[in-house]
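Beneath this line is the structure, given in structure tokens, with notes to follow.
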Amino acid sequence: MTGIDRRTALGATGIATLAALPVLSPAALAAQKKDGARPGPYLIGADVSWIPEDEAAGARFFVDGVQKDPILLLRDAGFNAIRLRIFVDPAKGYSKREPDKAWAGLDQTIKLGKRIRDAGLYLVLSFHYSDIWADPEHQGVPAAWAGYGLSGLAKAVEAHTRDTLVAMRAGGAPVDMAVIGNETTFGMLWPHGQVKLSTSTGNPVTDANHANVGEVGGFEGFAQLLRAGIAGARRAEPAVKIQLHNHLGRHWPIVQEWTDALIARKVDFDVIGFSCYQQRAQGDWAHSFDAFAKRYPDKGLLVAEYSSRKRYLNDLVHALPGKHGWGAFIWEPTRHQEAIFDKDGGNAGEGAKPDLISQGLNSAEAPGGLAGQTPAPKPEPTVPMGKGGDYVANDLLKLYGQMAKDYR
């Protein structure tokens, strides 16, 4: 075969893995960028950043009664892509309970990333430019960057992105796609990169928290930070794909306003990822995807996070004309929401969640529906961060092998 096989062309079950993704010349990259088409196989992906924590707590993973490395288990079941998240200094935030482990920090991410690349899978790295979760409700500045102004933050973002990707490659885990910020619908590194949005009628957005705060950096500040992250990524990995991440895949007016504003400010990206956990009405996701493909013919789209309606969402993305849909990534499928593993005789997550917001909100949709509600205080946990035990693949896993065959 030709330069498309960077590793082996097919996984253990004959399912196309990263090996089938092309190594493109600069001219080919430029040509590809013009049509927004996916650059290789449809990405059947998962975010599994919790796996090292769970393994450290004693987790074991089984399929058909056989214990297996969870990365290889997912690959052999049909997945060909994995997304990981990375914090700036998790010992000061996310992992402060276990600072010596620094879960989702650089060292841990390199280790897990190498397992993923050794398995022949496409690797996506989602940058949380924070020491803890960055999402529509929180976009906190890392402790090491405290006191920086906008220009200082931009320099820090560029250096952190570049240095991380250089270290990933040096550690045997080169990154194929970089996500410049996690769920940055309302910006990043608040307040300097915080934005407010309005609906198409010009009225305030009522279902998007933090939408109406005083604008400090606004889209100008947000775009400056994104451009810095993109520059750092491309300095480290010139051929890396650049993803932006908007959590309101169901809300086309917001998606359009947000995307238009960034394109107008010369934020140069390849694909936008949407979080798709719930809709307000049936057809919201389909409408957003179709409208996006028509309005931005030189950009791709993917589902960056989902849980329920697995086949439906993947079919929507895969069927977009011109191969405009790049793939979909189920979020933490070992133990989140409708998990594809069972534990102690039941689903390892909380089970399937409502399809519509009107049927009941879930935590993943909280940024779009629980704005202004103060969460009840929780005691500081003292148990290990990971969740041990035996995780047994259930019948939901079979959906992915079937999709891999159908999408070839």
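The values are calculated or read from the model by the stated rules, or taken from the named source; none is laboratory data. Only a predicted model underlies this, so the values are computations on that prediction, with no experimental measurement involved. Don't worry about glycine lacking a Cβ; one is built from the backbone with ideal geometry, like all the others, and counts go over all protein chains shown.
Within segment 342-383, restricting attention to residues that are closer than 19 Å to I51 by Cα and among the aliphatic types (A, V, I, L, M), the residue that is modelled with the lowest pLDDT is V383. Quick one: is A339 buried (at least 16 other Cβ atoms within 10 Å of the Cβ), within 21 Å of the chain's Cα centre (by Cα) and either at pLDDT below 95 or at negative phi (or both)? In short, yes. Restricting segment 231-253 to residues that are in a helix (DSSP H, G or I) and touching a residue at least 60 places away in the same chain (Cβ under 8 Å) leaves a set whose member that is farthest from R162 (Cα to Cα) is A231. Taking the numbered list (1) out of contact with any helix residue (DSSP H, G or I) (no Cβ under 8 Å at 6 or more places or on another chain); (2) part of a loop (DSSP other than H, G, I, E, B); (3) at pLDDT 95 or above in turn, R97 passes all entries but (3). Identify all residues within segment 261-275 that are closer than 23 Å to R38 by Cβ and either surrounded by fewer than 21 Cβ atoms within 10 Å (Cβ to Cβ) or in contact (Cβ under 8 Å) with a residue 40 or more places away in the chain (or both); write none if there are none. L262, I263, V267, D268, F269, D270, V271, G273, S275 - these are the residues of segment 261-275 that are closer than 23 Å to R38 by Cβ and either surrounded by fewer than 21 Cβ atoms within 10 Å (Cβ to Cβ) or in contact (Cβ under 8 Å) with a residue 40 or more places away in the chain (or both). Looking at segment 143-162 only, could you name the residues that are within 20 Å of the chain's Cα centre (by Cα) and not polar (S, T, N, Q)? Those that are within 20 Å of the chain's Cα centre (by Cα) and not polar (S, T, N, Q): V157, E158, H160, R162. Taking the criterion of being under 18 Å from A144 (Cβ atoms), among the charged types (D, E, K, R) and crowded, with 19+ Cβ neighbours inside 10 Å, the only residue of segment 86-118 that qualifies is D89.
Of the residues making up segment 38-66, those that are part of a strand (DSSP E or B) and charged (D, E, K, R) are D47, R60. Of note, D107 satisfies the criterion of being closer than 30 Å to A159 by Cα and free of Cβ contacts under 8 Å to residues at least 24 places away in the same chain. Annotation: K196 fulfils all but one of (1) of a type in the set (K, R); (2) more than 21 Å from L301 (Cα to Cα); (3) modelled with pLDDT of 95 or more; the unmet one is (3).
Run down A291, A286 and say which single residue is over 20 Å from the mean Cα position of the chain (by Cα) and either more than 26 Å from G229 (Cα to Cα) or at pLDDT 95 or above (or both). On inspection, the qualifying residue turns out to be A291. Applying the criterion of being buried (at least 16 other Cβ atoms within 10 Å of the Cβ) and of a type in the set (A, V, I, L, M) to the residues of segment 20-36, the residue that is modelled with the lowest pLDDT is A20. Scanning segment 139-149 for residues that are assigned to a helix (DSSP H, G or I) and buried (at least 17 other Cβ atoms within 10 Å of the Cβ) yields a count of 1. One residue is enough: does segment 67-78 have a residue meeting the conditions in a loop (DSSP other than H, G, I, E, B), within 23 Å of V317 (Cβ to Cβ) and modelled with pLDDT of 95 or more? Checked against the condition, which is being in a loop (DSSP other than H, G, I, E, B), within 23 Å of V317 (Cβ to Cβ) and modelled with pLDDT of 95 or more, segment 67-78 yields at least one hit.
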